[in-house]
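Since every read-out is calculated from the coordinates, none of them should be taken as a lab result. Model, not experiment: these values are computed from the prediction. Cβ: placed from backbone, ideal geometry, glycine included. Neighbour counts: every protein chain shown.
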Amino acid sequence: MSTDLQKSTRRQRAMFSTIAEHYDLVNDLASLGQDRLWRRAAVRALGDACGGFLAGRRILDVACGTGSSSRALADRGADVTGCDIADGMLAVARRREFGRRRRRDHQRGPVCCDGTVRYVVADAMALPFADGEFDAVTVSYGLRNMPRPDVALAQMRRVCRPGGPIVVLDFDMPGDPLWRMLYTHYATVALPALGGLLGGNADAYRYLNASIARWQGRRGVTAMLRETGWHGVAAKPLTGGIASLCRAVA
């Protein structure tokens, strides 16, 4: 890995750790409140790709952040490994998981379809897992922030068993010119202002907005999936193209 990539990786780790406490709020703001719906769509897509059920599946949730996607998958019975480069993000995820377990222990009756979650600090471009270790892989909102997303996708391909699916959820840009103009104006002006007010780090939110504007969206993701050995590639725009789901098979 080059020095530039190392520096970029360190910046990513530091920045996302500083905004970890407000990261879910960031996504809610940036997505105009659609984030929760999109995450549910990603979980459904992965479930469909796994034959309609996730119970007992070994799933790698890359760039898992505060664990929202990891927990949603575990709630459907999957055994999830969530990895992220930002230890600050994982600290929030572990704290939430601990609180959930404590609440569950005080409830009466059995817990149905409850899978496991473990969190690991890991660089997506050098995943510390064995070849074919997982039945499926997913990444939400993280791919566009990686210095080499193509390398990360190749690593995800390596650790996914042959025939296993991947689902990539990320922001995109609307194709409709008017909708694109309105969304771009909102993201450029309102998001950093709200992020600075509520999250205390306007620069981080400006970076996130810029990363969305520079991102090639579903067209770039589908091209990278094919280039890194995935097949059966498909993409679906969400909410008029503000976000997209990309799917493929190892």
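Values for this structure:
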{"item": "Nearest-0.05 FRET efficiency for Thr116 and Leu182, computed from C-beta distance (R0 41 Å)", "result": "0.45"}
{"item": "Stretchable slack from Arg36 to Ala130, in nm (0.36 nm times residue separation minus alpha-carbon distance)", "result": "30.7 nm"}
{"item": "Average projection area in nm² (convex hull over Cα atoms of the range 126-183, one quarter of hull surface)", "result": "5.0 nm²"}
{"item": "Local electrostatic count at Asp114 - Lys and Arg +1, Asp and Glu -1, tallied over other residues with Cβ under 11 Å", "result": "+3"}
{"item": "Bins of 5 Å from zero: percent of alpha-carbon pairs in the range 52-149", "result": "3, 14, 23, 23, 19, 11, 5, 2, 1, 0"}
{"item": "Proximal charge balance of Arg226 [Cβ under 14 Å; K/R count +1, D/E count -1]", "result": "+2"}
